[in-house]
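Q: Here it is: the structure, laid out below.
The values are calculated or read from the model by the stated rules, or taken from the named source; none is laboratory data. Predicted, not measured: the structure shown is a model, and the values here were computed from it. Using ideal geometry, Cβ is built from the backbone for each residue, glycine included, and neighbour counts are taken over all protein chains shown.
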């Protein structure tokens with residue numbers, strides 16, 4: 001076979017192998033056996049080895065590319081990969097439709113609904129129909145170049161199908177966005193293999209897919225069963241993709257796998273019908289899902305609706321309720337917090353909920369355990385509140401053995417042996433009164449040094465525990481007695497780090513009064529309450545002499561908080577701690593009102609902010625005189641909406657007429 005004949009044969013082999021790939025990985029059809037396909041690939045590889053100048057980037061032999069990578073370069077997305085705001089019920093769906101209809105009346109009439117895939121978002125760029133690069137979502141603006149890895153995924157075409165009804169997308173730049181997922185059955189099979197090899201098991205398909213695509217060795221990626229499902233097609237001219245249902249049709253014809261369940265819907269009622277249908281059927285899906293994606297179908301209207309914060313106004317994510325599972329309570333232990341609160345915690349037989357393994361769940365307090373009648377040995381229903389915090393919903397006494405006994409709160413602290421007490425007989429919460437309790441000590445010191453309190457950089461949990469173990473500190477005041485020589489005596493510290501920490505401590509000898517009050521760790525006193533106390537009493541001396549009636553008269557400070565403050569300053573060990581601070585030259589500055597433009601303005605934040613944490617935002621609001629609230633109330637002026645906001649806060653703000661801000665608008669207000 002001469003070169004011309006080889007070239008013709010190679011092109012025919014590529015076409016046939018690509019058609020096999022499309023039928024098998026996209027349409028779930030097979031035009032030949034796996035053995036026959038392997039034989040064709042082998043012949044192609046031999047011809048390309050004989051004529052290496054005939055190898056093209058889109059050849060099926062080029063899926064496993066090169067050797068181990070040195071790292072991933074950062075690539076800026078052509079357009080931001082946006083997150084979606086979450087909704088949880090029909091009322092919120094209706095509210096969304098009403099909002100967008102006010103901005104663009106036609107936008108609330110036709111929607112495109114699809115199942116939300118639990119995977120890793122990725123953008124694929126094709127130049128003149130040939131795959132040129134693959135980029136992870138990253139922070140939405142900049143992602144990682146994972147081209148070598150995505151080339152190994154069989155469901156990703158290395159070149160767009162030439163036999164297409166949409167030849168316009170074979171010229172110029174076409175960007176295809178989608179989700180890299182691992183199917184549930186493949187994940188189970190992979191874990192079975194790891195189990196047989198004595199390896200640790202992977203947590204869930206989503207994390208496994210994300211971790212796999214970030215491997216530096218493409219051959220490892222090729223060895224794992226990943227799939228790409230497309231959901232968006234971008235072109236330089238937006239007019240080329242007029243609607244989302246047109247987009248899916250084009251993507252499927254160009255060689256991509258798309259969700260066949262996606263459909264057009266025309267009202268909130270139809271959206272909920274689609275949601276309810278798939279809530280019942282989602283366990284049968286190949287991949288995990290936690291909800292739906294609903295978009296305005298007309299993409300011109302979608303663009304005109306614009307973006308609020310990091311989310312497009314023309315799309316939402318409908319989220320299903322948190323998953324639940326049944327497991328067994330193996331034990332209940334008591335955790336002692338920094339204020340001495342003794343919290344029962346359930347140790348569970350490991351169970352997978354919402355895609356991750358849960359082994360412990362808070363039981364809140366003795367009263368909650370008694371009310372739900374949770375016992376060691378019980379089968380219980382567990383869920384993740386907000387898909388984050390594991391919580392025991394209820395016990396299943398029908399499955400209870402006859403020898404299972406009711407839970408009894410221990411009389412003594414498990415950490416120091418001190419007798420546990422209740423503030424009042426009717427209280428559900430017990431606490432350890434020993435301020436020197438080992439569990440309380442390190443948590444109290446870490447709290448004092450935390451960012452929201454005194455903000456001593458370098459005094460994190462590990463360093464605090466190391467200093468306590470070395471018997472260099474016992475309480476927060478001891479931090480200021482540390483020398484660089486003492487710090488250098490610890491394995492964790494070299495000369496530079498010792499000097500740096502010592503300087504950080506010395507710089508915080510005259511903290512703001514509110515920070516100092518919060519740092520003391522008085523029960524029930526949060527950041528905002530500390531600010532209110534500082535503003536009212538002006539000095540720590542005045543606060544320490546305050547009466548219950550004076551304290552409880554402050555807006556937001558009730559009788560429980562007032563009594564906790566009076567109790568704190570009446571205890572001899574706390575008085576001694578304050579004297580110790582003063583002897584070491586550490587004392588808070590008297591409160592001075594700054595007269596800021598945000599005086600008395602109340603803010604609530606829902607969702608995740610991109611440019612700062614919620615704590616940083618709260619600190620900046622407070623620095624300008626504003627108040628940070630945890631829930632929307634009648635006196636809330638602004639609700640700041642970040643990524644994945646809570647539905648209840650949005651609903652409450654809507655009912656009260658509370659003004660809303662996105663993150664950019666908040667930053668302008670703060671600046």
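Q: For segment 311-329, enumerate the residues that are more than 30 Å from residue 395 (Cα to Cα) and either surrounded by fewer than 16 Cβ atoms within 10 Å (Cβ to Cβ) or modelled with pLDDT of 90 or more (or both).
A: Passing the criteria: 312, 313, 314, 315, 316, 317.
Q: Residue 397 fails exactly one of the following numbered conditions: (1) modelled with pLDDT of 90 or more; (2) on the phi < 0 side of the Ramachandran plot. What is the number of that condition?
A: Condition (1) is where residue 397 drops out.
Q: Take segment 137-150 and flag every residue that is touching a strand residue (DSSP E or B) at 6+ places or on another chain (Cβ under 7 Å) and assigned to a loop (DSSP other than H, G, I, E, B).
A: 137, 138, 141, 146
Q: Here's a check for you: in segment 654-671, which residue that is touching a residue at least 24 places away in the same chain (Cβ under 8 Å) and farther than 22 Å from residue 611 by Cβ is surrounded by the fewest Cβ atoms within 10 Å (Cβ to Cβ)?
A: Only one residue fits best here, namely 656.
Q: Then there is this: I'm checking my understanding of the structure. Among residues of segment 241-260 that are under 31 Å from the mean Cα position of the chain (by Cα) and part of a loop (DSSP other than H, G, I, E, B), which one is surrounded by the fewest Cβ atoms within 10 Å (Cβ to Cβ)?
A: 260
Q: Based on this model, can you work out whether residue 551 counts as surrounded by 14 or more Cβ atoms within 10 Å (Cβ to Cβ), touching a residue at least 40 places away in the same chain (Cβ under 8 Å) and in the same structural domain as residue 520 (by TED's automatic domain parsing)?
A: No; evaluated as a whole, the condition is false for this residue.
Q: Does residue 276 fit the bill of being at pLDDT below 95, assigned by TED's automatic domain parsing to the domain that holds residue 184 and in a loop (DSSP other than H, G, I, E, B)?
A: No; evaluated as a whole, the condition is false for this residue.
Q: So which residues in segment 620-645 are surrounded by fewer than 19 Cβ atoms within 10 Å (Cβ to Cβ) and assigned to a loop (DSSP other than H, G, I, E, B), if there are any at all?
A: Of everything in segment 620-645, those that are surrounded by fewer than 19 Cβ atoms within 10 Å (Cβ to Cβ) and assigned to a loop (DSSP other than H, G, I, E, B) turn out to be 624, 625, 630, 631, 633, 634, 635, 637, 644.
Q: Taking the stated definitions as given, is residue 236 in the same structural domain as residue 126 (by TED's automatic domain parsing), in contact (Cβ under 8 Å) with a residue 12 or more places away in the chain, loosely packed, with under 14 Cβ neighbours inside 10 Å and not in a strand (DSSP E or B)?
A: Yes: the conditions hold for residue 236.
Q: Can you tell me how many residues in segment 497-536 are surrounded by fewer than 22 Cβ atoms within 10 Å (Cβ to Cβ), without any contact (Cβ under 8 Å) to a residue 24 or more places away in the chain and farther than 23 Å from residue 468 by Cβ?
A: 2
Q: Here's another thing I want to ask about it. When the residues of segment 153-178 are narrowed to those that are outside any loop (DSSP other than H, G, I, E, B) and out of contact with any helix residue (DSSP H, G or I) (no Cβ under 9 Å at 6 or more places or on another chain), which ends up farthest from residue 116 (Cα to Cα)?
A: 167
Q: Considering 522, 505, which residue is closer than 20 Å to residue 581 by Cα and outside any helix (DSSP H, G or I)?
A: It is 522.
Q: Which number in (1) over 30 Å from residue 217 (Cβ atoms); (2) at pLDDT 90 or above marks the one condition that residue 89 misses?
A: (2)
Q: From the residues in segment 179-213 that are in contact with a helix residue (DSSP H, G or I) (Cβ under 8 Å, 6 or more places away or on another chain) and in a loop (DSSP other than H, G, I, E, B), which one is surrounded by the fewest Cβ atoms within 10 Å (Cβ to Cβ)?
A: 200
Q: Is it fair to say residue 146 is touching a helix residue (DSSP H, G or I) at 6+ places or on another chain (Cβ under 6 Å) and outside the structural domain of residue 607 (by TED's automatic domain parsing)? Walk me through it before giving the result.
A: On the way: touching a helix residue (DSSP H, G or I) at 6+ places or on another chain (Cβ under 6 Å): yes; outside the structural domain of residue 607 (by TED's automatic domain parsing): yes.
Against the criterion (touching a helix residue (DSSP H, G or I) at 6+ places or on another chain (Cβ under 6 Å) and outside the structural domain of residue 607 (by TED's automatic domain parsing)), residue 146 qualifies.
Here is a yes/no grid of residues against (1) at pLDDT 90 or above; (2) within 27 Å of the chain's Cα centre (by Cα); (3) outside the structural domain of residue 208 (by TED's automatic domain parsing):
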position: 267; (1), (2), (3): yes, no, no
position: 271; (1), (2), (3): yes, yes, no
position: 280; (1), (2), (3): no, yes, no
position: 289; (1), (2), (3): no, yes, no
position: 298; (1), (2), (3): yes, no, no
position: 306; (1), (2), (3): yes, yes, no
position: 309; (1), (2), (3): no, yes, no
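Q: Among the numbered criteria (1) surrounded by fewer than 20 Cβ atoms within 10 Å (Cβ to Cβ); (2) closer than 26 Å to residue 291 by Cα; (3) within 27 Å of the chain's Cα centre (by Cα), which single criterion is violated by residue 124?
A: Going through the list (1) surrounded by fewer than 20 Cβ atoms within 10 Å (Cβ to Cβ); (2) closer than 26 Å to residue 291 by Cα; (3) within 27 Å of the chain's Cα centre (by Cα), residue 124 breaks only (1).
Q: Being in the same structural domain as residue 504 (by TED's automatic domain parsing), buried (at least 20 other Cβ atoms within 10 Å of the Cβ) and either on the phi > 0 side of the Ramachandran plot or not in a helix (DSSP H, G or I) (or both), is that true of even one residue in segment 444-455?
A: Within segment 444-455, one or more residues are in the same structural domain as residue 504 (by TED's automatic domain parsing), buried (at least 20 other Cβ atoms within 10 Å of the Cβ) and either on the phi > 0 side of the Ramachandran plot or not in a helix (DSSP H, G or I) (or both).
Q: Could you identify the single residue in 109, 102 that is free of Cβ contacts under 8 Å to residues at least 12 places away in the same chain, closer than 27 Å to residue 304 by Cα and either in the same structural domain as residue 263 (by TED's automatic domain parsing) or surrounded by fewer than 18 Cβ atoms within 10 Å (Cβ to Cβ) (or both)?
A: Step by step, each of 109, 102 is checked, and only 102 is free of Cβ contacts under 8 Å to residues at least 12 places away in the same chain, closer than 27 Å to residue 304 by Cα and either in the same structural domain as residue 263 (by TED's automatic domain parsing) or surrounded by fewer than 18 Cβ atoms within 10 Å (Cβ to Cβ) (or both).
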